[in-house]
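Worksheet for the structure shown next.
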Amino acid sequence: MTYDVIVAGLGAMGASAAWQLAARGERVLGLERFDVPNTMGSSHGVSRIIRLAYFEHPSYVPLLRRAYEIWRDVEARVAEKLLFVTGGVDAGPETGRLVRGSLEACRVHDLPHEVVSAVELERRHPGYRLPGGDVAVLQPDAGFVMCERAVVAFAGLALGAGADLRAREPLVAWETTSSGVRVTTSKGTYEAGRLVLSTGAWIGEHVPALAGKAVAERQVLGWFQPKVPARFALGAFPVGIVEHGDLLLYQFPVHGVPGMKLGVYNHLRETSAADAVDREPNAADEALLRRGLRAVFPDADGPTLAMKVCTFTNVSDGHFVVDVLPDTPEVVVASPCSGHGFKFASVMGEAIADLVTGGRSRLDLGLFRLDRLAP
Ligand SMILES: Cc1cc2nc3c(=O)[nH]c(=O)nc-3n(C[C@H](O)[C@H](O)[C@H](O)COP(=O)(O)OP(=O)(O)OC[C@H]3O[C@@H](n4cnc5c(N)ncnc54)[C@H](O)[C@@H]3O)c2cc1C
(Lines give C-alpha, C1' and ligand atoms only; values in the text may rest on other atoms or scores of the structure.)
Protein backbone atom coordinates (compact mmCIF):
# COMPACT_ATOMS: atom_id res chain seq x y z
CA MET A 1 0.00 0.00 0.00
CA THR A 2 1.20 3.53 -0.72
CA TYR A 3 1.13 6.57 1.58
CA ASP A 4 2.33 10.15 1.46
CA VAL A 5 4.15 9.84 4.78
CA ILE A 6 5.12 7.01 7.11
CA VAL A 7 5.76 7.94 10.74
CA ALA A 8 7.75 5.28 12.59
CA GLY A 9 7.45 5.52 16.39
CA LEU A 10 4.20 6.79 17.91
CA GLY A 11 5.39 8.23 21.22
CA ALA A 12 4.77 11.90 21.92
CA MET A 13 6.67 13.22 18.90
CA GLY A 14 5.46 10.69 16.33
CA ALA A 15 1.81 10.76 17.41
CA SER A 16 1.81 14.56 17.32
CA ALA A 17 3.44 14.57 13.87
CA ALA A 18 1.00 11.96 12.57
CA TRP A 19 -1.89 14.22 13.59
CA GLN A 20 -0.40 17.37 12.10
CA LEU A 21 0.40 15.63 8.83
CA ALA A 22 -3.01 13.95 8.52
CA ALA A 23 -4.68 17.28 9.32
CA ARG A 24 -2.82 18.78 6.35
CA GLY A 25 -4.36 16.19 4.07
CA GLU A 26 -1.37 13.82 3.89
CA ARG A 27 -2.11 10.09 3.70
CA VAL A 28 -0.28 8.94 6.86
CA LEU A 29 0.75 5.51 8.06
CA GLY A 30 1.89 5.45 11.71
CA LEU A 31 3.86 2.45 12.94
CA GLU A 32 4.50 1.64 16.59
CA ARG A 33 6.61 -1.22 17.89
CA PHE A 34 4.66 -1.56 21.17
CA ASP A 35 1.22 -0.12 22.08
CA VAL A 36 -0.22 3.38 21.71
CA PRO A 37 0.47 4.60 24.36
CA ASN A 38 3.10 2.33 25.94
CA THR A 39 5.43 2.17 28.93
CA MET A 40 8.54 1.08 27.01
CA GLY A 41 9.64 4.43 25.58
CA SER A 42 9.96 7.90 27.05
CA SER A 43 6.42 9.26 27.15
CA HIS A 44 4.82 7.54 30.16
CA GLY A 45 4.65 8.27 33.89
CA VAL A 46 1.44 10.37 34.19
CA SER A 47 2.87 13.91 33.87
CA ARG A 48 5.64 16.07 32.41
CA ILE A 49 6.76 19.56 33.43
CA ILE A 50 6.20 22.44 31.05
CA ARG A 51 7.91 25.77 31.79
CA LEU A 52 8.88 29.00 30.05
CA ALA A 53 11.93 30.01 32.14
CA TYR A 54 14.05 27.58 30.17
CA PHE A 55 17.39 27.22 31.94
CA GLU A 56 18.74 24.93 29.22
CA HIS A 57 18.83 27.76 26.61
CA PRO A 58 16.77 30.93 26.11
CA SER A 59 16.20 30.10 22.44
CA TYR A 60 13.69 27.40 23.41
CA VAL A 61 11.26 30.09 24.66
CA PRO A 62 9.61 31.02 21.31
CA LEU A 63 9.00 27.30 20.65
CA LEU A 64 7.51 27.00 24.11
CA ARG A 65 5.09 29.84 23.51
CA ARG A 66 3.84 28.01 20.41
CA ALA A 67 3.82 24.71 22.34
CA TYR A 68 1.44 26.22 24.92
CA GLU A 69 -0.87 27.47 22.13
CA ILE A 70 -1.04 24.04 20.50
CA TRP A 71 -1.57 22.25 23.82
CA ARG A 72 -4.59 24.51 24.38
CA ASP A 73 -5.81 23.75 20.87
CA VAL A 74 -5.46 20.00 21.46
CA GLU A 75 -7.38 20.27 24.75
CA ALA A 76 -10.21 22.06 22.98
CA ARG A 77 -10.32 19.48 20.19
CA VAL A 78 -10.44 16.47 22.52
CA ALA A 79 -12.46 18.20 25.28
CA GLU A 80 -10.00 17.10 27.95
CA LYS A 81 -7.74 19.08 30.27
CA LEU A 82 -4.16 18.07 29.52
CA LEU A 83 -2.15 21.09 30.69
CA PHE A 84 -2.30 22.17 34.35
CA VAL A 85 -0.70 25.52 35.20
CA THR A 86 0.65 25.39 38.75
CA GLY A 87 3.39 27.99 38.62
CA GLY A 88 6.99 26.81 38.65
CA VAL A 89 9.99 26.91 40.95
CA ASP A 90 13.63 26.82 39.78
CA ALA A 91 15.63 26.75 42.99
CA GLY A 92 19.15 26.26 44.26
CA PRO A 93 22.33 28.25 44.81
CA GLU A 94 22.17 31.72 43.25
CA THR A 95 25.33 30.95 41.27
CA GLY A 96 24.16 27.52 40.12
CA ARG A 97 23.40 26.58 36.49
CA LEU A 98 19.68 26.22 37.13
CA VAL A 99 18.97 29.60 38.76
CA ARG A 100 21.32 31.48 36.44
CA GLY A 101 19.89 29.79 33.32
CA SER A 102 16.30 30.30 34.39
CA LEU A 103 16.93 34.01 35.09
CA GLU A 104 18.69 34.40 31.76
CA ALA A 105 15.63 33.04 29.89
CA CYS A 106 13.41 35.42 31.92
CA ARG A 107 15.68 38.37 31.09
CA VAL A 108 16.07 37.62 27.37
CA HIS A 109 12.34 37.03 26.84
CA ASP A 110 10.99 39.45 29.43
CA LEU A 111 9.10 36.70 31.26
CA PRO A 112 7.12 37.55 34.38
CA HIS A 113 8.99 36.15 37.37
CA GLU A 114 10.05 36.73 40.95
CA VAL A 115 13.18 35.75 42.85
CA VAL A 116 12.53 34.80 46.47
CA SER A 117 14.60 33.50 49.37
CA ALA A 118 14.38 29.98 50.75
CA VAL A 119 12.40 31.31 53.71
CA GLU A 120 9.90 33.11 51.50
CA LEU A 121 9.45 30.07 49.24
CA GLU A 122 8.67 27.95 52.29
CA ARG A 123 6.22 30.56 53.59
CA ARG A 124 4.30 30.49 50.27
CA HIS A 125 4.72 26.78 49.45
CA PRO A 126 5.60 24.93 52.66
CA GLY A 127 6.20 21.66 50.82
CA TYR A 128 9.52 23.14 49.67
CA ARG A 129 12.33 23.21 52.31
CA LEU A 130 15.48 24.68 50.73
CA PRO A 131 18.84 25.18 52.44
CA GLY A 132 19.16 28.68 53.97
CA GLY A 133 21.26 30.44 51.32
CA ASP A 134 19.34 29.13 48.28
CA VAL A 135 17.01 31.22 46.15
CA ALA A 136 14.02 30.37 43.95
CA VAL A 137 12.91 31.79 40.62
CA LEU A 138 9.10 31.69 40.49
CA GLN A 139 7.51 31.73 37.02
CA PRO A 140 3.71 31.69 36.92
CA ASP A 141 3.21 29.94 33.52
CA ALA A 142 4.86 26.64 34.44
CA GLY A 143 2.86 23.50 35.11
CA PHE A 144 2.53 19.98 33.81
CA VAL A 145 1.05 18.06 30.87
CA MET A 146 -0.64 14.67 31.32
CA CYS A 147 1.70 12.61 29.16
CA GLU A 148 -0.06 9.32 28.34
CA ARG A 149 -3.31 11.24 27.89
CA ALA A 150 -1.56 13.60 25.47
CA VAL A 151 -0.31 10.69 23.35
CA VAL A 152 -3.85 9.30 23.36
CA ALA A 153 -5.16 12.72 22.29
CA PHE A 154 -2.66 13.03 19.42
CA ALA A 155 -3.41 9.49 18.24
CA GLY A 156 -7.16 10.08 18.39
CA LEU A 157 -6.82 13.31 16.43
CA ALA A 158 -4.60 11.57 13.87
CA LEU A 159 -7.13 8.77 13.42
CA GLY A 160 -9.93 11.33 13.18
CA ALA A 161 -8.02 13.09 10.41
CA GLY A 162 -7.70 9.83 8.46
CA ALA A 163 -4.30 8.46 9.54
CA ASP A 164 -3.76 4.70 9.51
CA LEU A 165 -2.06 3.83 12.84
CA ARG A 166 -0.70 0.36 13.47
CA ALA A 167 0.66 -0.77 16.84
CA ARG A 168 2.77 -3.87 17.45
CA GLU A 169 4.26 -3.44 14.00
CA PRO A 170 7.86 -2.23 14.22
CA LEU A 171 9.80 -0.73 11.35
CA VAL A 172 12.57 -3.22 10.61
CA ALA A 173 14.34 -1.45 7.74
CA TRP A 174 13.94 1.48 5.35
CA GLU A 175 15.46 2.44 2.03
CA THR A 176 14.98 5.21 -0.49
CA THR A 177 13.41 4.48 -3.88
CA SER A 178 13.05 6.53 -7.06
CA SER A 179 9.76 7.93 -5.71
CA GLY A 180 10.40 8.14 -1.99
CA VAL A 181 10.92 5.45 0.63
CA ARG A 182 10.20 1.77 1.15
CA VAL A 183 9.66 0.59 4.72
CA THR A 184 9.79 -3.02 5.82
CA THR A 185 8.02 -3.89 9.05
CA SER A 186 7.48 -7.12 10.98
CA LYS A 187 4.29 -7.59 8.94
CA GLY A 188 4.88 -6.21 5.46
CA THR A 189 6.31 -3.60 3.11
CA TYR A 190 4.97 -0.09 2.50
CA GLU A 191 5.94 2.73 0.15
CA ALA A 192 5.59 6.44 0.78
CA GLY A 193 6.91 9.77 -0.41
CA ARG A 194 8.44 10.64 2.96
CA LEU A 195 9.47 8.98 6.22
CA VAL A 196 9.55 10.41 9.75
CA LEU A 197 11.78 8.50 12.16
CA SER A 198 10.65 9.21 15.72
CA THR A 199 11.66 6.01 17.44
CA GLY A 200 13.06 7.63 20.58
CA ALA A 201 15.74 5.61 22.33
CA TRP A 202 15.91 3.24 19.34
CA ILE A 203 16.69 5.99 16.81
CA GLY A 204 20.36 5.01 16.44
CA GLU A 205 19.23 1.66 15.03
CA HIS A 206 17.64 3.39 12.02
CA VAL A 207 19.84 6.46 11.56
CA PRO A 208 23.55 5.62 11.16
CA ALA A 209 24.51 9.25 11.92
CA LEU A 210 23.03 8.79 15.41
CA ALA A 211 24.38 5.31 16.15
CA GLY A 212 26.33 5.59 19.39
CA LYS A 213 25.42 9.30 19.65
CA ALA A 214 21.82 9.03 20.80
CA VAL A 215 22.21 7.15 24.07
CA ALA A 216 19.45 5.59 26.16
CA GLU A 217 19.66 6.45 29.87
CA ARG A 218 17.53 4.66 32.47
CA GLN A 219 15.41 6.93 34.69
CA VAL A 220 13.13 6.13 37.63
CA LEU A 221 10.16 8.16 38.81
CA GLY A 222 8.71 7.78 42.32
CA TRP A 223 5.37 8.64 43.93
CA PHE A 224 5.35 9.12 47.71
CA GLN A 225 2.59 9.48 50.29
CA PRO A 226 2.94 12.94 51.84
CA LYS A 227 2.98 13.15 55.63
CA VAL A 228 1.29 16.55 55.28
CA PRO A 229 -0.95 16.07 52.22
CA ALA A 230 -2.20 19.68 51.97
CA ARG A 231 1.34 20.88 51.21
CA PHE A 232 1.58 18.74 48.05
CA ALA A 233 -1.94 19.20 46.69
CA LEU A 234 -2.70 20.67 43.26
CA GLY A 235 -3.08 24.40 43.89
CA ALA A 236 -0.66 24.46 46.83
CA PHE A 237 2.49 22.88 45.41
CA PRO A 238 3.99 24.27 42.18
CA VAL A 239 6.01 22.04 39.88
CA GLY A 240 9.70 22.71 40.07
CA ILE A 241 13.33 21.85 39.68
CA VAL A 242 15.77 22.04 42.60
CA GLU A 243 19.55 21.94 42.32
CA HIS A 244 20.68 20.35 45.57
CA GLY A 245 24.33 19.32 45.84
CA ASP A 246 24.89 16.57 43.26
CA LEU A 247 21.13 16.15 42.67
CA LEU A 248 18.89 17.96 40.20
CA LEU A 249 15.42 17.12 41.51
CA TYR A 250 12.12 17.65 39.68
CA GLN A 251 8.75 17.39 41.37
CA PHE A 252 4.98 17.58 40.87
CA PRO A 253 1.90 18.01 43.04
CA VAL A 254 -0.37 15.03 43.68
CA HIS A 255 -2.50 14.51 40.59
CA GLY A 256 -3.79 11.63 38.48
CA VAL A 257 -2.40 8.87 40.68
CA PRO A 258 -1.76 8.83 44.44
CA GLY A 259 1.37 10.48 45.76
CA MET A 260 3.70 13.43 45.27
CA LYS A 261 5.91 12.70 42.26
CA LEU A 262 9.69 13.11 42.33
CA GLY A 263 12.51 12.40 39.89
CA VAL A 264 16.26 13.00 39.85
CA TYR A 265 17.64 14.19 36.49
CA ASN A 266 19.86 11.49 34.97
CA HIS A 267 19.06 9.29 38.00
CA LEU A 268 21.96 6.80 38.49
CA ARG A 269 23.50 7.70 35.09
CA GLU A 270 22.94 4.17 33.74
CA THR A 271 23.31 4.13 29.96
CA SER A 272 22.79 1.13 27.68
CA ALA A 273 21.18 0.02 24.44
CA ALA A 274 17.44 0.79 24.56
CA ASP A 275 16.48 -2.89 24.69
CA ALA A 276 18.87 -3.51 27.59
CA VAL A 277 17.27 -0.94 29.95
CA ASP A 278 16.29 -2.68 33.20
CA ARG A 279 12.53 -1.97 33.43
CA GLU A 280 12.17 -3.02 37.06
CA PRO A 281 12.68 -0.37 39.79
CA ASN A 282 14.97 -1.53 42.60
CA ALA A 283 16.16 -0.58 46.09
CA ALA A 284 19.01 1.62 44.81
CA ASP A 285 16.50 3.60 42.73
CA GLU A 286 14.26 4.10 45.74
CA ALA A 287 17.19 5.10 47.97
CA LEU A 288 18.28 7.84 45.55
CA LEU A 289 14.77 9.27 45.25
CA ARG A 290 14.29 9.16 49.01
CA ARG A 291 17.58 11.00 49.54
CA GLY A 292 16.20 13.85 47.45
CA LEU A 293 12.84 13.70 49.16
CA ARG A 294 14.34 13.88 52.66
CA ALA A 295 16.69 16.72 51.71
CA VAL A 296 14.13 19.12 50.22
CA PHE A 297 10.60 17.74 50.75
CA PRO A 298 10.66 16.14 54.22
CA ASP A 299 6.88 16.46 54.58
CA ALA A 300 6.46 14.14 51.57
CA ASP A 301 8.72 11.47 53.05
CA GLY A 302 5.97 8.88 53.62
CA PRO A 303 5.64 5.37 52.18
CA THR A 304 6.41 4.73 48.53
CA LEU A 305 3.24 4.39 46.45
CA ALA A 306 4.65 3.69 42.97
CA MET A 307 7.85 3.67 40.94
CA LYS A 308 8.27 3.55 37.18
CA VAL A 309 11.25 3.14 34.86
CA CYS A 310 11.42 5.42 31.83
CA THR A 311 14.16 6.27 29.32
CA PHE A 312 15.95 9.45 28.31
CA THR A 313 17.56 9.58 24.86
CA ASN A 314 20.57 11.85 25.23
CA VAL A 315 22.90 13.47 22.75
CA SER A 316 26.15 15.07 23.88
CA ASP A 317 24.99 18.70 24.12
CA GLY A 318 21.63 17.93 25.73
CA HIS A 319 19.58 19.49 22.93
CA PHE A 320 17.15 17.82 20.51
CA VAL A 321 17.60 16.39 17.03
CA VAL A 322 14.87 17.51 14.63
CA ASP A 323 16.13 17.72 11.06
CA VAL A 324 15.89 16.50 7.51
CA LEU A 325 18.46 13.74 7.05
CA PRO A 326 21.41 15.27 5.16
CA ASP A 327 21.60 13.82 1.61
CA THR A 328 18.24 12.09 2.12
CA PRO A 329 15.55 14.78 1.89
CA GLU A 330 12.78 12.15 2.02
CA VAL A 331 13.55 11.41 5.68
CA VAL A 332 12.99 13.56 8.77
CA VAL A 333 14.62 12.56 12.04
CA ALA A 334 12.81 13.71 15.16
CA SER A 335 13.71 12.11 18.42
CA PRO A 336 16.60 12.50 20.81
CA CYS A 337 15.01 14.88 23.24
CA SER A 338 17.63 14.55 25.95
CA GLY A 339 15.20 14.21 28.82
CA HIS A 340 13.27 17.43 28.35
CA GLY A 341 11.30 17.06 25.14
CA PHE A 342 7.77 16.21 26.14
CA LYS A 343 6.52 19.74 26.69
CA PHE A 344 7.49 20.48 23.08
CA ALA A 345 5.63 17.51 21.58
CA SER A 346 2.74 19.74 20.55
CA VAL A 347 4.91 22.21 18.64
CA MET A 348 7.28 19.51 17.37
CA GLY A 349 4.39 17.86 15.53
CA GLU A 350 3.91 21.12 13.68
CA ALA A 351 7.64 21.54 13.03
CA ILE A 352 7.99 17.96 11.76
CA ALA A 353 4.98 18.43 9.47
CA ASP A 354 6.62 21.62 8.13
CA LEU A 355 9.87 19.75 7.43
CA VAL A 356 8.03 16.90 5.72
CA THR A 357 5.80 19.03 3.55
CA GLY A 358 8.09 21.97 2.81
CA GLY A 359 11.65 20.96 3.75
CA ARG A 360 11.87 23.77 6.31
CA SER A 361 9.90 25.21 9.22
CA ARG A 362 9.01 28.79 10.10
CA LEU A 363 9.99 27.77 13.65
CA ASP A 364 13.67 28.16 14.44
CA LEU A 365 15.08 24.62 14.66
CA GLY A 366 18.72 25.71 14.32
CA LEU A 367 19.68 24.30 17.73
CA PHE A 368 18.49 20.84 16.69
CA ARG A 369 20.46 20.28 13.49
CA LEU A 370 21.89 16.82 13.03
CA ASP A 371 25.19 18.01 11.55
CA ARG A 372 26.21 19.70 14.82
CA LEU A 373 26.87 16.18 16.16
CA ALA A 374 29.20 15.24 13.32
CA PRO A 375 32.68 14.16 14.51
C1 LIG B 1 11.52 9.96 33.65
C2 LIG B 1 11.38 11.01 32.60
C3 LIG B 1 10.98 12.27 32.97
C4 LIG B 1 10.85 13.28 32.01
N5 LIG B 1 10.41 14.51 32.41
C6 LIG B 1 10.14 15.44 31.47
C7 LIG B 1 9.51 16.64 31.85
O8 LIG B 1 9.16 16.87 33.01
N9 LIG B 1 9.24 17.55 30.86
C10 LIG B 1 9.56 17.33 29.56
O11 LIG B 1 9.30 18.20 28.73
N12 LIG B 1 10.16 16.18 29.18
C13 LIG B 1 10.44 15.24 30.10
N14 LIG B 1 10.99 14.04 29.72
C15 LIG B 1 11.40 13.83 28.32
C16 LIG B 1 10.22 13.46 27.44
O17 LIG B 1 9.33 12.62 28.08
C18 LIG B 1 10.77 12.85 26.15
O19 LIG B 1 11.64 13.80 25.54
C20 LIG B 1 9.64 12.51 25.18
O21 LIG B 1 8.67 11.71 25.80
C22 LIG B 1 10.25 11.80 23.97
O23 LIG B 1 9.21 11.43 23.11
P24 LIG B 1 9.56 10.57 21.81
O25 LIG B 1 8.29 10.48 21.05
O26 LIG B 1 10.76 11.12 21.17
O27 LIG B 1 10.00 9.14 22.38
P28 LIG B 1 9.09 7.89 22.80
O29 LIG B 1 7.94 8.30 23.61
O30 LIG B 1 10.01 6.88 23.39
O31 LIG B 1 8.54 7.38 21.42
C32 LIG B 1 9.28 6.58 20.55
C33 LIG B 1 8.40 5.45 20.14
O34 LIG B 1 9.02 4.74 19.09
C35 LIG B 1 8.68 3.38 19.26
N36 LIG B 1 9.61 2.58 18.47
C37 LIG B 1 10.88 2.23 18.76
N38 LIG B 1 11.41 1.50 17.76
C39 LIG B 1 10.45 1.38 16.82
C40 LIG B 1 10.39 0.75 15.55
N41 LIG B 1 11.44 0.08 15.07
N42 LIG B 1 9.25 0.83 14.84
C43 LIG B 1 8.17 1.51 15.33
N44 LIG B 1 8.17 2.12 16.54
C45 LIG B 1 9.30 2.06 17.26
C46 LIG B 1 8.79 3.18 20.74
O47 LIG B 1 8.10 2.02 21.16
C48 LIG B 1 8.17 4.47 21.27
O49 LIG B 1 6.78 4.33 21.49
C50 LIG B 1 11.13 13.01 30.65
C51 LIG B 1 11.53 11.72 30.28
C52 LIG B 1 11.63 10.73 31.23
C53 LIG B 1 12.01 9.34 30.81
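For C310, are the conditions met, namely being touching a residue at least 12 places away in the same chain (Cβ under 8 Å), assigned by TED's automatic domain parsing to the domain that holds V7, near the ligand (Cβ under 10 Å from one of its atoms) and outside any helix (DSSP H, G or I)? No: the conditions fail for C310. Please determine, by comparing only the residues of the range 172-200 that are assigned to a strand (DSSP E or B) and of a type in the set (D, E, K, R), which one is farthest from D327 (Cα to Cα). Only one residue fits best here, namely E191.
Just to be sure I understand, how many residues within the range 31-41 are near the ligand (Cβ under 9 Å from one of its atoms) and touching a strand residue (DSSP E or B) at 6+ places or on another chain (Cβ under 9 Å)? Here the count works out to 6.
Among the conditions (1) in a loop (DSSP other than H, G, I, E, B); (2) away from the ligand (no atom under 13 Å from the Cβ); (3) surrounded by 18 or more Cβ atoms within 10 Å (Cβ to Cβ), the only one that G292 does not satisfy is (1). Restricting L111, L63, L98 to residues that are assigned to a loop (DSSP other than H, G, I, E, B) and modelled with pLDDT of 95 or more narrows the list to L111. Taking the stated definitions as given, is W19 under 21 Å from G341 (Cα atoms), in the same structural domain as P336 (by TED's automatic domain parsing), among the aromatic types (F, W, Y) and surrounded by 15 or more Cβ atoms within 10 Å (Cβ to Cβ)? The answer is yes for W19. Using the structure shown, decide if S346 is within 20 Å of A273 (Cα to Cα), within 11 Å of the ligand (Cβ to nearest atom) and of a type in the set (S, T, Y). So S346 does not fit the description; no.
Go through the residues of the range 232-242 one by one and say whether even a single one is more than 25 Å from Q139 (Cβ to Cβ), surrounded by 15 or more Cβ atoms within 10 Å (Cβ to Cβ) and away from the ligand (no atom under 14 Å from the Cβ). No, the conditions are met nowhere in the range 232-242.
Restricting the range 336-361 to residues that are of a type in the set (G, A, S) and within 10 Å of the chain's Cα centre (by Cα) leaves a set whose member that is modelled with the lowest pLDDT is S338.
The numbered conditions (1) modelled with pLDDT of 95 or more; (2) within 19 Å of the chain's Cα centre (by Cα) are all true for A136 except (2).
The rows are residues; the columns are (1) within 8 Å of the ligand (Cβ to nearest atom); (2) closer than 30 Å to W174 by Cα; (3) in contact with a Pro (Cβ under 9 Å, 6 or more places away or on another chain); (4) in contact (Cβ under 8 Å) with a residue 24 or more places away in the chain.
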{"residue": "V7", "(1), (2), (3), (4)": "no, yes, no, yes"}
{"residue": "E26", "(1), (2), (3), (4)": "no, yes, no, yes"}
{"residue": "S43", "(1), (2), (3), (4)": "yes, yes, yes, yes"}
{"residue": "I50", "(1), (2), (3), (4)": "yes, no, no, yes"}
{"residue": "E56", "(1), (2), (3), (4)": "no, no, no, yes"}
{"residue": "L63", "(1), (2), (3), (4)": "no, no, no, yes"}
{"residue": "L82", "(1), (2), (3), (4)": "no, no, no, yes"}
{"residue": "G88", "(1), (2), (3), (4)": "no, no, yes, yes"}
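Please verify whether V152 is outside any strand (DSSP E or B) and either more than 11 Å from the ligand (Cβ to nearest atom) or surrounded by fewer than 22 Cβ atoms within 10 Å (Cβ to Cβ) (or both), treating the condition exactly as stated. In short, yes.
Considered as a group, the residues in the range 196-211 that are out of contact with any His (no Cβ under 7 Å at 6 or more places or on another chain), among the aliphatic types (A, V, I, L, M) and within 11 Å of the ligand (Cβ to nearest atom) include one that is nearest to V5 (Cα to Cα), and that residue is V196. Against the numbered list (1) without any contact (Cβ under 8 Å) to a residue 40 or more places away in the chain; (2) farther than 21 Å from A334 by Cα, P238 comes up short only at (1).
V145 falls short on exactly one of the conditions (1) under 23 Å from A12 (Cβ atoms); (2) not in a strand (DSSP E or B), and that condition is (2).
Only residues that are closer than 24 Å to R149 by Cβ, part of a strand (DSSP E or B) and hydroxyl-bearing (S, T, Y) were counted in the range 220-277, giving 1.
Residues V321, V315: which one is out of contact with any Gly (no Cβ under 6 Å at 6 or more places or on another chain), within 11 Å of the ligand (Cβ to nearest atom) and at pLDDT 95 or above? Within the list V321, V315, the selection yields V321.
The values are calculated or read from the model by the stated rules, or taken from the named source; none is laboratory data. All values reported here derive from a predicted model rather than from experimental measurement. Here Cβ is always computed from backbone atoms with ideal geometry, including for glycine, and neighbour counts include all displayed protein chains.
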